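The values are calculated or read from the model by the stated rules, or taken from the named source; none is laboratory data. Keep in mind that what you see is a predicted model, and the values were worked out from it rather than measured. Every residue, glycine as well, gets a Cβ built from its backbone with ideal geometry; the counts of neighbours run over all protein chains shown. The accessibility values were calculated without ligands, DNA or RNA, using every heavy atom of the protein model including side chains. Shrake-Rupley method; radii C 1.70, N 1.55, O 1.52, S 1.80 Å.
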Amino acid sequence: MNSKFRRRRGRAEYFHGRDEIMDTFDAVLENYRSINEGSTFLIKGPPGAGKTALLTKLSQKALAADDPWAVAKIGVKDLYDPVSLAQALGKAYFIDAEIAIEVGIKVVAGKVVGHVAGLATPTEILRHLTPETGLILVLDEAQRLRNIPNESEIHVVAEDTLNLIHNGDVGHPVMLLTAGLGTTESAYDSLGVSRFEDNCRIRLGSLDHQSTCAVIRDLIVAEGGVVKPPPSWVKDIAEHTHGWPHHIISYAGAAADHLVDINRMPTEEDLQIVLAQGRVNQIDYYQTRAKGISKKDRQILAQLFIDLPPDGTVDKEDIMFAFKEKYTVEDTCKFFENTLHRGILDERQDGDYGIPIPSLHAWLVDEYARNKSQDIPQTSKQLSPMPDQILLPSNKDDPSGVKKDKGDDEDKRKGQGEFSMER
């Protein structure tokens, strides 16, 4: 199967589901606009849960509302660099020259081109730039807030900016719509934001079955050149993805690519080729997520979950205790944070920790606790460690012994008769 390059990550063309979250966000926006304030709306979840796509969808809804909000994408730097923030805001709406003078920014035709002496702070810019309908600041990959050096000047400025927004003290409706990995909440906590309203903190998981099938159908139709995909294909692909957005795109993308390649009515063999390619994509994704975690550490983690169901959890103390023979307490804490950062573990509501995806749980246990994996060659290249991680030599496993689910043969035969190609 030829690999096609398509930028599928974080896109919302095939978005389905998350209706309850979007309704909650609409209600939050309406509430804060009515009281002329704002706060932080946090979406957290493991890699591949669809956080970026959800941010895109929520932003689009806010822009298209009857009473639209101004929406500006920002980065971590914008929280402490006033010129950078002004430039990001300038893409959302026209910056008035009179306001620009007040905050010490040079503006030409509404675009920020520099600054003058006595430059304002980001908090002063937010207070001065008063949008008519309200402003939404969109910050993705918010776990990167942890990279701001502690006890530094920029840390103080970023903390002031975040708290001004989070506490609703800007003077007009400003919402921070943000998403990040499992370490994101602790990153906000390090900057003074320790409490979120219950309806403003969302933990993102898998899609329901109906939404999963809808995404699969849309992607195959749009990119595979078909009028209607075989129902058996949609059913079997959905079973392999467990509703996980990254896997949905991987499997459905493989199906679309294969349909383009063959340019004919597909057979049962074609479906098996697609499922095999989707599984290769799935394993590659797991290897990427586990990169920097040694084979031995994967084995220790896997043993903790070997007798648990896919949604089973382990207490943090038990995880830490399992590594006491290998690491110091400090290094064990860093390693634990790295498993959260890499999306191997995530925190559950009761404070325990589990493996976020059922198929990831199966892969980790099968490969590293049930001795199905082969020796993993160590690479000579070392990765540069991030401040909040331990990164050990990267590994690559042989994804052998893959179990494949089988759909109903009768449904598959019926599905072939309902498929049509469009060229």
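Beyond 28 Å between alpha-carbons counts as too far, so tell me which of 44/77; 44/326; 235/316; 73/295; 291/324; 61/235 fall in that bin.
The pairs that break the limit, which is 28 Å between Cα atoms, are 44/326; 235/316; 73/295; 61/235.
Amide H of residue 176 versus every other amide H placed in the peptide plane: which residues, excluding those fewer than 5 positions away on the same chain, fall under 5 Å?
39, 40, 41, 137
For the pair residue 141 and residue 30, what calculated FRET efficiency results from E = 1/(1 + (r/R0)^6), where r is the Cβ-Cβ distance and R0 = 25 Å, to the nearest 0.05?
My answer for the efficiency is 0.35.
Which FRET efficiency, nearest 0.05, do residue 306 and residue 265 yield, Cβ-Cβ r, R0 41 Å?
Working from the Cβ atoms, E equals 0.40.
What are the ³J(HN,Hα) values, in whole Hz, obtained from phi via the Karplus relation 6.51 cos²θ - 1.76 cosθ + 1.60 with θ = phi - 60°, for each residue of the stretch 71-80 in sequence order, with x given for Gly and Pro?
So the J values, rounded to whole Hz, are 10, 10, 7, 10, x, 4, 4, 5, 6, 10.
Mind giving me the FRET efficiency for residue 208 and residue 228? R0 is 30 Å, r the Cβ-Cβ distance, nearest 0.05 is fine.
Efficiency, from the Cβ-Cβ distance: 0.85.
What is the spin-label model distance, in nm, from residue 169 to residue 329 if the labels are put 7 Å beyond Cα along the C-beta direction?
Using points 7 Å along Cα→Cβ, the separation is 3.5 nm.
Give a residue-ordered list of calculated ³J(HN,Hα) values for the stretch 20-35 (Karplus: 6.51 cos²θ - 1.76 cosθ + 1.60, θ = phi - 60°; whole Hz; x for Gly, Pro).
3J(HN,Hα) across the stretch 20-35, in whole Hz: 5, 5, 5, 5, 4, 5, 4, 5, 5, 4, 5, 5, 6, 5, 5, 9.
Scan the stretch 223-282 for trypsin sites (Lys or Arg not before Pro) in coil per DSSP, keeping those whose Cβ has at most 11 other Cβ atoms within 10 Å, and list them by number.
Here the trypsin sites (Lys or Arg not before Pro) that fit, given the DSSP loop and packing criteria, are 264.
Run the simple label-point estimate for residue 299 and residue 284 please: 7 Å along Cα→C-beta, distance reported in nm.
2.8
So, for the stretch 165-250, what is the accessible surface per residue at a probe of 1.4 Å, expressed in square angstrom?
The answer is 35 Å² per residue.
When a/c is below 1.5 the answer is rounded, else prolate if a/b is larger than b/c, else oblate, so apply that to the stretch 277-373 with a ≥ b ≥ c taken from the square roots of the Cα gyration tensor eigenvalues.
Taking the square roots of the gyration eigenvalues as a ≥ b ≥ c, the stretch 277-373 is prolate.
DSSP loop (so not H, G, I, E, B), at most 12 other Cβ within 10 Å: list which GluC sites (Glu not before Pro) in the stretch 123-164 pass both filters.
Listed in order of number, the matching sites are 132, 151.
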